[in-house]
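Following: one structure in structure tokens, then a few remarks.
Each value in this text was obtained by applying a stated rule to the coordinates, not by laboratory testing. Just so we're clear, the structure is a prediction, and the values are computed from it rather than from any experiment. Don't worry about glycine lacking a Cβ; one is built from the backbone with ideal geometry, like all the others, and counts go over all protein chains shown.
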Amino acid sequence: KNQVEQSPQSLIILEGKNCTLQCNYTVSPFSNLRWYKQDTGRGPVSLTIMTFSENTKSNGRYTATLDADTKQSSLHITASQLSDSASYICVVSPNTGNQFYFGTGTSLTVIP
Amino acid sequence: DGGITQSPKYLFRKEGQNVTLSCEQNLNHDAMYWYRQDPGQGLRLIYYSQIVNDFQKGDIAEGYSVSREKKESFPLTVTSAQKNPTAFYLCASSMTGRHYGYTFGSGTRLTVV
């Protein structure tokens, strides 16, 4: 069964600290994996996309990694800011069919 | 600027009423999608359409209906048959093909009163 699991479910960190969010998936055959940021009451916005051959990709203070062998991805946030408070959603696309598979998200709260 | 617009942002429905959520995009995207988001759960697919005048049921289509008369528009009707409609509804669009990601709208929060 194609599944995407994210951990932790929620996270609270101090402003300026780093954090890492995890995404494990069983989706196969794999096409790509995306990380989205969703502010409260808003639609998700894409942060990164990673394909099978990519190990790491950065977008400012956000760095995503992918291990296609173990089917794991992480999103590392450096020097967190209050505006990073949001839900972060991992979305995996298989190489067949029309379905995208969504994780349940990690809720990040950055406190001063 | 191109984008995807959902309206209204907040919607209240009395029990037994049908309501329609609007979704319009000017990105020239072929595919459009409707998702439902509940607290603590991932997004669940309601309906999707990859071409005008054609649409497919997603995982939770019961109690919902859609139309795709124009490429730019994909309205969702929440019917009285949907027993638990209170949720956050997200519309998305994309070019056809798995390497294209979604562009999401800003969402509509529907509450049954």
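Odds and ends about this structure:
- Peptide A:38-44 has a mean shielding of 6, counted as Cβ atoms of other protein chains within 10 Å of each residue's Cβ.
- Separation of the residue A:10 and residue A:79 label points, Cα + 7 Å toward Cβ, nm: 2.9
- Sorting the segments B:86-94, A:78-86 by their mean number of nearby beta carbons within 10 angstrom, highest to lowest, gives B:86-94, A:78-86.
- Separation of the range A:74-112 from the range B:34-89 is 23 Å, based on Cα centroids.
- From most to least packed by mean Cβ count within 10 Å, the peptides B:60-73, B:8-21 give B:60-73, B:8-21.
- More than 23 angstrom apart: percent of Cα pairs within chain A: 23
- Residue among B:75, B:39, B:85 with the largest mean-square fluctuation in a Gaussian network model of chain B, springs linking Cα atoms under 10 Å: B:39
- Semi-axis lengths, largest first, of the ellipsoid equivalent to chain B are 22, 14, 14 Å, with √(5λ) applied to each eigenvalue of the Cα gyration tensor.
- Segments B:47-59, A:28-40 sorted - mean Cβ within 10 Å per residue, highest first: A:28-40, B:47-59
- HN-Hα J in Hz across the range B:20-26 - Karplus 6.51, -1.76, 1.60, θ = phi - 60°, x for Gly and Pro: 10, 9, 9, 9, 10, 10, 10
- Choice from A:71, A:57, A:17 with maximal GNM fluctuation in chain A (Cα, 10 Å cutoff): A:17
- Partner chain coverage, peptide B:73-83 - average Cβ within 10 angstrom: 0
- Share antiparallel - DSSP beta bridges, chain A, percent rounded to 5: 90
- Greater than 22 Å apart at Cα, pairs in A:37/B:9; A:37/B:71; B:14/B:83; A:57/B:9; A:71/B:57; A:17/A:57: A:37/B:71; A:57/B:9; A:71/B:57
- Chain A: most fluctuating residue of A:92, A:45, A:27 per GNM, C-alpha cutoff 10 Å: A:45
- Per-residue mean of foreign Cβ neighbours for B:43-50 is 3 (Cβ atoms of other chains, 10 Å radius).
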